[in-house]
Amino acid sequence: MPRPEHRSITFTIDGREVQAPENTILVDAAKLGDVEIPVFCYEPKLGQPVGACRMCLVEIEGIPKLQTGCSTPVKDGMVVHTQTARVKEAQAAVVEFLLINHPLDCPVCDKGGECPLQDISYGWGGGTTRFIEPKRHFVKPLELSPLIAIDRERCILCYRCVRFSQEVSEDYQLVLHERGAATFVGTFDGHPYVAPFSGNIIELCPVGALTSRPYRFRARPWDIEGSGSVCTLCPAQCNVSFTVRDERVLRVLARQNDGVDDGWLCDKGRFAYQSVHSDERVTQPLLRDGGELRPVSWERALATAAGLLKKAGAGVAGLAGGESTNEEGFLLQRLIREVLGSSHVDAAGVDPVDLWSLARPDLQASLQDVEYAHTVLVLGTEPVDDMPILDLRIRKGVRRNRVKLAVATARPSSLDASAALSVRYAPGGEGAFVTALTAAVYGGDVDAPAAAAGADVDAIRTLAELLRTGGGDDDNRAPGDVVIVWGTRLLGADGGAVTPALLKLASGLALTGRDGGGLLAVPASTNERGLLEAGVAPGLAPGFGDTGAAGESYAEAGIARALRDGDLTALYLLHDDPILSRPDAVGWDRALEKATTVVAHAQFLTAGLREHATVVFPAESYAEKEGTVTHPDGRVQRLRPAIGRQGQTRPEWWVLSELSRRLGADMGILTGAMASRQLFDAVPFYAGLTLDRIGGRGVRWPADPAAAAAFPPPPEVRRDVAYETTATPNGALRLGTFRSIWAGIEVELSPALTFLTPRQQVEMAPADARRLGVAHGDKVVVAGDGASLEATVVLRNAASPGSVFLQTGIQTDAANGLDAALVEIHKA
Amino acid sequence: MSTPRIVNGIARYEHGSRVPGWDEAADLTKDPAGVPDPAVVEVPADLRLEIESYMARYPDSRSAAIPALKAAQQRYGWCSPEAIEQAACVMRLTPGYLAAVAGFYDQLETRPVGRRPVYVCTNISCSLRGADALLAALQDELGDAPDVNLRGFECLGACDIAPMVSVEGVYVGPVDADEIPELARQIRAGDEPLPAKQLINRPSQDPDASAA
Amino acid sequence: MTQKILFKNIDEPGLATLDVYRARGGYGERLRMALSMSRDALVEELKASGLRGRGGAGFSMGTKASFLPKGQLDKYLVCNADESEPGTFKDRELMQKCPHMLIEGMIIAAYAAGANRSFIYLRGEYEQQADILERAVHEAKVAGFIGDRILGTDLSLSMWVHRGAGAYICGEETALLDSLEGKRGNPRLKPPFPANQGLYQGPTLINNVETLATLPHIIEMGAEHYAKIGVQNSTGTKLVSVSGHVQRPGNYEIELGMSSRDIIYGLAGGPGEGRSVKLWFPGGSSSPVLTGDDLDLSYDFDTLAKAGTMLGSGAIIVADDQSSVVDIALKTAQFYRHESCGKCTPCREGTNWTVKMLERIKSGDATPMDLDLMASVCENIIGNCLCVLGDAMAMPIGSMVKKFRGEFEEYIEAARAAAERELLAGLAPTQPVAA
Ligand SMILES: Cc1cc2nc3c(=O)[nH]c(=O)nc-3n(C[C@H](O)[C@H](O)[C@H](O)COP(=O)(O)O)c2cc1C
Ligand code: SF4
Ligand code: FES
């Protein structure tokens, strides 16, 4: 879909001539002439205007009735009046109507001071009331969910919240009941409104009807300060504004950036700030002493760590977790490579050349392309879990711009209902599936790889047809702009086969160098792309340069193996606990057990660290950090500290540079900004970036021709790799995994969110359940390759028989405890 | 839910709320109500078939919301949570969606009521001809009939037979005061209501309508 | 005597069946003729008939059909059979007694509009009529009048009866569309108008039952001939539903331009012995009321508009001199409060507030000043709402306060006095209060 363009027109408002793009909605166009038209229901983020509240009535010459400014597009020569007696009377009447039943309890209302209803009543209301009947009164506030309180007395029925639920998040849980004056906002049969994006309705509500339960009565607008930054809890990297009072984060609000988040936040991003102030935070250095981690001074921790690292020398490996900033990753690889002389440093855990090849700027789609493409293919990822805000963007494209959506996943997707086509393959068949799809687009054998993927050949062919001809109108069947949203987890599953096939698919669909189409990776962790670009990858220096190291550089799995085998002796962990976050928890447990030294930067002592870390440095939370991260579409974004560091925490860049000083190398870094400068200098396509330029909106380097030209061409990919064949169940069940949006220690440690902490469940098709004699809700044991775990059965009608799905990333019974392609299930 | 007190002709609930539902919080022990999974919610085969046949009539199957809810109501007596959940399961919608629809329409019952709807029109034309007294009298007669859902209703489109009653869709009127006990008996017994007064048999009043 | 077009032999036994209807010429030559015209010619013919919508707004049927864009889009025809305007019951009799007349009219309208899917949105309370209509639609399908390539032409049409579930607002055309799409029946913002973006976002023609049922007759007698019936700007015959305090309530087919007195007294028999007309709604409860002095107004669109009211759906509700205007106002307001969809502020809050004020008048808690307040609230509703349901309450209530202010004031005084007496009786001291 081409993005709309508008010519500029002139219209007159209150006697002033104003230029505006044609068809701009009048209330927005009026602002260009410094005229404010009051609104309640109008919120362009929610889609088409509804014209419900009638607050925005204005007079337009030539039209006898007053018109709603929120639904009128401006035209050349239009003459608008907002100050006539007729308009003022109508607006005052609407305020009067809205207030007749409003409780006017502003003194005890959380919204007071930042309330559009207050402001508009003051600005446009009559100031008196003629309503003498008793106002309606109800019990209040009531729980709408564990996160949201609802005060129905205050509701003005502007429809914003229900429109969000119905037309943005499309969860359709929040609805209006009854009708007329009896209408009220609620849910089905008293079920709580719990959904990944529910918290947005708090911000949307123009009155105090919907309030955040964690924030209620914590502060007044005049007590607080807002501080803009970026949420680093997932790869979506939404822009946020922290509400800070007395050095505490009390609330997180969206900071609209259309290139990133469209002004929405998921509930994890909105409420997990509580973990920042959790008592579980590590706030001072810890040292293992007599088998236990005990607090020590910074001096002692640094000296010990430096000593141990020195001893291990080239036997140290570094692992950065996805929450690390670009600068932290950059300094980590300097420490490991330059200071310690080791070449083993990794973040993503997959072949970095694959990621490099697929990150080419000429193949890169922007996040906004998802909204305007002709066709979007979601491949091997569940956006709502892996990059929640992307889910909203995909839905928006389908709903508003009639983007055709195709989904190709092993597990049934929450996007299936919006998709023109959904295709399933069996877990383990990732490489074969992409090979088959590529063959169907490009020519070649489809049948064999389709069979190896456990996927339906006809469905693959239909999908290929959709991708190839989805463009333009139905007659010319031209290839359109296609965005392939793909999960980088695919590379972990069968990277060797996925990368060449995906590249071929992209070129088969003419996505190379195309505006409006391309590849968009959904990384497995927040800053996967930035860490790769900063050189936290085996064998690749910052900016995909040559490390000059001889011999093999281990990736994540290699590091674990080498630690187990004694080839490596020490591990440096930056925001990472591999037992929790990496595949093969059992193997990692043994690796850490074997390591003589484990140095970690951590906010929380997860089980792996508690058990195995030698030295733990308290790490900054994202609310305390400065630095940059890189969005999956190449936008470099800036973090700014909102609060002071907790306890004795010091910045990671300082610790890394201090350690290297103690190891005899001066990194030349005295401030965080200096670390950024070093990074920008080291990465050719970051050249010219400064923190100022990045500013509050970020800079998408792939969109800058000079930066794109500086991108080093990746080596030719290997084309000889055979895809793997998915396991034949033969009575057992294939195991697939997924990571819930609610997985993560931040959720568990935020009192408001803990209720969402996922427990292990095994999703399966009803047919399999019948065969196994288990029912929905049953407790079962899932066993494979000598290990087993407990889970609750969840039946899904759309699940493919023969495959089951378990969760990773949870604290207990996580799927990465089973390193098996096939599992067996029996009643617990 | 408590029953309302009637104050000044207005139903008032505890805490002064006039509207059932306003005072209800979400039950935090429940799971959120997404689209019911057919693997988990069982729907009687005939109900499923009926709803699916409605869905097939429209370019967008959502259009079948009202017929589906009516079918579910027919089966369960009212749009109970169970009824709504089953309809939602067949239609691939959230139960919330259907509950919102049900709450909007007068003929869809969102609280338990008697299975058999009896509506007395109390709008202008009928009330000019004694509808309010008719409703009161029927309430006296039928107040204890558990399977009857007797209620006043807005204009039913039969002002020519005012005052009138719709007995499960059968319109009768004008109902004279002395016919009320008989009508009540028929309603209670499920007999044909006032056969001589059924609208369906009423000739046109236009004197020339039958002239060539 | 008015020429009968719609009601001609309406009570003929079996008229609801296909056979009898066809024996009368239904689905015959006139349908063939309509479908053999070019679409443009047919639309011109409909325009030339001067037929104005019978559902309430009185918009030219042919002109509306001409608004639908040309081209290969999915277009829809929707028959508005919601008939919920208090006092209106004409469509009911028509559909029940001669359902095929409506179906034939819909085929013609669909052809004119280029629509190939049609729906009859019928109010849910009309269960018996729904059964009859469904049977008729089925008969027409079996006989090939609905389906693919009707009468060998390129017109294909599907048709379903869609039963509503009790909501007056669903008679408003955009609310009807939302309801038909399976949503809550909330009106939509206009523009876009249904002719451009209606059902499922496709161009949609919406007409009332009576409007559509008239089409076969216009084709049969020719637009020119049809246009001669009635008066200027109000051509043809109209079904009027007369109810309330008249001796022969019922539907009457009249030639537009007939004197209102002749309808109310001549046809419907007027109020009972010794009574006189106090007020009457000329076009359903949404129309501002007229009084006994207005009985000689010609019953047509323009004359009633000039008298500050409207012909609306053609529903005349008569109240005699014994009725209380306060009671009628309260019933009216209560109806609109109950039926307000709640989407827009002035209607939702304004209807509710008006009912409360009227209740206060009844309970003796009001003063004559409240009449000004009520008038002002009504003023604040009119013209400020999303659809005209709010106006539909405010206008008649406003007209009642204006025309019967004296009676309202007397009522207020009497009610206050009664309330005071009751209060004093409640407080009745054991000892008489000393003067
Ligand atoms: C509140 C409201 C209720 C209405 N109810 C009906 C109705 O019950 N039947 C009807 O035919 N038109 C009704 N209308 C008019 C319709 O909106 C629309 O004008 C009509 O269906 C068009 O058909 P016509 O042009 O054939 O009259 C109503 C309008 C409003 C504003
Ligand atoms: S709760 Fe708030 S957002 Fe929702 S309708 Fe009421 S006022 Fe609007
Ligand atoms: S802002 Fe325009 S009607 Fe609400």
Exercise. So is residue C:109 within 30 Å of residue C:299 (Cα to Cα), within 16 Å of ligand 1 (Cβ to nearest atom) and open to solvent by 10 Å² or more (accessible area, probe 1.4 Å) or not?
Worked result: no
For this session: Select from the stretch C:71-82 the residues that are assigned to a loop (DSSP other than H, G, I, E, B) and at pLDDT 95 or above and list them in ascending order.
Result: C:75, C:82
Problem set entry | All positions within the stretch A:123-180 that are open to solvent by less than 30 Å² (accessible area, probe 1.4 Å), among the β-branched types (Val, Ile, Thr) and away from ligand 3 (no atom under 16 Å from the Cβ) | A:148, A:150, A:168, A:175
For this session: Could you identify the single residue in A:349, A:341, A:397 that is part of a helix (DSSP H, G or I) and of a type outside the set (Asp, Glu)?
Result: A:397
For this session: Could you tell me whether the stretch C:360-375 includes any residue that is surrounded by fewer than 19 Cβ atoms within 10 Å (Cβ to Cβ) and at the interface with chain A (Cβ under 8 Å from one of its Cβ atoms)?
Result: yes
Exercise. On the given criteria, is residue A:69 within 26 Å of residue A:165 (Cα to Cα), crowded, with 19+ Cβ neighbours inside 10 Å and within 16 Å of ligand 1 (Cβ to nearest atom)?
Worked result: no
Problem set entry | Enumeration of residues in the stretch A:584-608 that are buried (at least 24 other Cβ atoms within 10 Å of the Cβ) and part of a helix (DSSP H, G or I) | A:588, A:591
For this session: Any residue in the stretch B:41-58 that's within 14 Å of chain C (Cβ to nearest Cβ) and assigned to a loop (DSSP other than H, G, I, E, B): show its pairings with residues that are crowded, with 16+ Cβ neighbours inside 10 Å and hydroxyl-bearing (Ser, Thr, Tyr) at Cβ separation under 9 Å, as long as the two are six or more apart or on different chains.
Result: B:57/B:63; B:57/C:158; B:58/C:200
Exercise. What single numbered condition from (1) within 16 Å of ligand 1 (Cβ to nearest atom); (2) open to solvent by 10 Å² or more (accessible area, probe 1.4 Å); (3) at pLDDT 95 or above fails to hold for residue C:190?
Worked result: (3)
Problem set entry | Verdict on residue A:63 being within 16 Å of ligand 3 (Cβ to nearest atom), part of a loop (DSSP other than H, G, I, E, B) and either assigned by TED's automatic domain parsing to the domain that holds residue A:207 or out of contact with any strand residue (DSSP E or B) (no Cβ under 8 Å at 6 or more places or on another chain) (or both) | yes
For this session: Report those helices (runs of 4 or more DSSP H) wholly inside the stretch C:345-418 carrying at least 2 residues which are without any contact (Cβ under 8 Å) to a residue 24 or more places away in the chain.
Result: C:345-363, C:369-381
Problem set entry | Where residue C:342 falls short, out of the listed (1) within 14 Å of chain A (Cβ to nearest Cβ); (2) not in a loop (DSSP other than H, G, I, E, B) | (2)
Problem set entry | Matching residues in the stretch B:96-117 - criterion: being under 22 Å from residue B:150 (Cβ atoms) and not hydrophobic (A, V, I, L, M, F, W, C) | B:103, B:105, B:106, B:107, B:109, B:110, B:111, B:112, B:114, B:115, B:116, B:117
Exercise. Can residue A:680 be described as in contact (Cβ under 8 Å) with a residue 40 or more places away in the chain, in the same structural domain as residue A:623 (by TED's automatic domain parsing) and farther than 22 Å from residue A:424 by Cα?
Worked result: no
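Which ones in the stretch A:26-43 are in a helix (DSSP H, G or I) and away from ligand 3 (no atom under 11 Å from the Cβ)? Write out each step before concluding.
First, the residues of the stretch A:26-43 that are in a helix (DSSP H, G or I): A:26-32.
If the condition is that a residue be in a helix (DSSP H, G or I) and away from ligand 3 (no atom under 11 Å from the Cβ), then A:28, A:29, A:30, A:31, A:32 are the ones that fit.
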For this session: Looking only at the stretch A:48-72, count how many residues are away from chain C (no Cβ under 12 Å) and within 16 Å of ligand 2 (Cβ to nearest atom).
Result: 0
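For (1) in contact (Cβ under 8 Å) with a residue 60 or more places away in the chain; (2) within 11 Å of chain C (Cβ to nearest Cβ), each residue gets a yes or a no:
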site	(1), (2)
B:75	no, no
B:78	no, no
B:95	yes, no
B:99	no, yes
B:118	yes, no
B:130	no, no
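Tally the residues that are among the aliphatic types (A, V, I, L, M) and under 22 Å from residue C:168 (Cα atoms), restricting the search to the stretch C:333-357.
Of the stretch C:333-357, the ones among the aliphatic types (A, V, I, L, M) are C:333, C:355, C:357.
After this cut, where a residue has to be under 22 Å from residue C:168 (Cα atoms) as well, the list is C:333, C:355.
Of the residues in that region, 2 qualify.
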Exercise. Quick one: residue A:581 ticks every box in (1) at pLDDT 95 or above; (2) buried (at least 24 other Cβ atoms within 10 Å of the Cβ) bar one, so which box is it?
Worked result: (1)
Problem set entry | strands (runs of 3 or more DSSP E) contained in the stretch B:138-212 and holding at least 2 residues in contact with a Leu (Cβ under 8 Å, 6 or more places away or on another chain) and within 14 Å of chain C (Cβ to nearest Cβ) | B:165-167, B:170-172
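Residue-wise test of (1) within 22 Å of residue C:362 (Cβ to Cβ); (2) touching a residue at least 12 places away in the same chain (Cβ under 8 Å); (3) open to solvent by 10 Å² or more (accessible area, probe 1.4 Å); (4) not assigned by TED's automatic domain parsing to the domain that holds residue C:60.
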{"residue": "C:256", "(1), (2), (3), (4)": "no, yes, no, yes"}
{"residue": "C:271", "(1), (2), (3), (4)": "no, yes, no, yes"}
{"residue": "C:274", "(1), (2), (3), (4)": "no, no, yes, yes"}
{"residue": "C:283", "(1), (2), (3), (4)": "no, yes, no, yes"}
{"residue": "C:287", "(1), (2), (3), (4)": "no, yes, no, yes"}
{"residue": "C:290", "(1), (2), (3), (4)": "no, yes, no, yes"}
{"residue": "C:296", "(1), (2), (3), (4)": "no, yes, yes, yes"}
{"residue": "C:315", "(1), (2), (3), (4)": "no, yes, no, yes"}
{"residue": "C:330", "(1), (2), (3), (4)": "yes, yes, yes, yes"}
For this session: Test residue A:172 against the criterion of being within 13 Å of chain B (Cβ to nearest Cβ), within 12 Å of ligand 2 (Cβ to nearest atom), within 29 Å of the chain's Cα centre (by Cα) and not small (Gly, Ala, Ser), and give yes or no.
Result: no
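Is it the case that the stretch A:222-240 has a residue that's outside any loop (DSSP other than H, G, I, E, B) and either within 16 Å of ligand 3 (Cβ to nearest atom) or over 26 Å from residue A:603 (Cβ atoms) (or both)? Even if it seems obvious, please write down each step before you answer.
Looking only at the stretch A:222-240, we keep the residues that are outside any loop (DSSP other than H, G, I, E, B), and these are A:222-223, A:225-230, A:239-240.
Narrowing the set further to residues that are either within 16 Å of ligand 3 (Cβ to nearest atom) or over 26 Å from residue A:603 (Cβ atoms) (or both) leaves A:222-223.
Yes - at least one qualifying residue is present in the stretch A:222-240.
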Seminar exercise, completed: Within the stretch B:168-183, the residues that are over 15 Å from residue C:129 (Cβ atoms) and surrounded by fewer than 23 Cβ atoms within 10 Å (Cβ to Cβ) are B:174, B:176, B:177, B:178, B:179, B:180, B:181, B:182
Problem set entry | Members of the stretch C:39-63 found to be under 24 Å from residue C:254 (Cα atoms) and of a type in the set (Lys, Arg), listed by number | C:47, C:52, C:54
Exercise. Can you tell me which residue in the stretch C:83-98 is nearest to the other protein chains (Cβ to nearest Cβ), limited to those that are assigned to a helix (DSSP H, G or I) and within 21 Å of residue C:175 (Cα to Cα)?
Worked result: C:92
Exercise. Hey, which of the strands (runs of 3 or more DSSP E) in the stretch A:731-828, taking only ones fully inside, have at least 2 residues that are within 29 Å of the chain's Cα centre (by Cα) and not basic (Lys, Arg)?
Worked result: A:733-738, A:761-764, A:787-795, A:803-807
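The values are calculated or read from the model by the stated rules, or taken from the named source; none is laboratory data. Everything numeric in this text was worked out from a predicted model, so none of it was measured. As a convention, Cβ positions derive from the backbone with ideal geometry for all residues, glycine included, and neighbour counts pool all protein chains shown. Accessible surface is based on the protein model in full, side chains and every heavy atom, while ligands, DNA and RNA are left aside. Shrake-Rupley method; radii C 1.70, N 1.55, O 1.52, S 1.80 Å.
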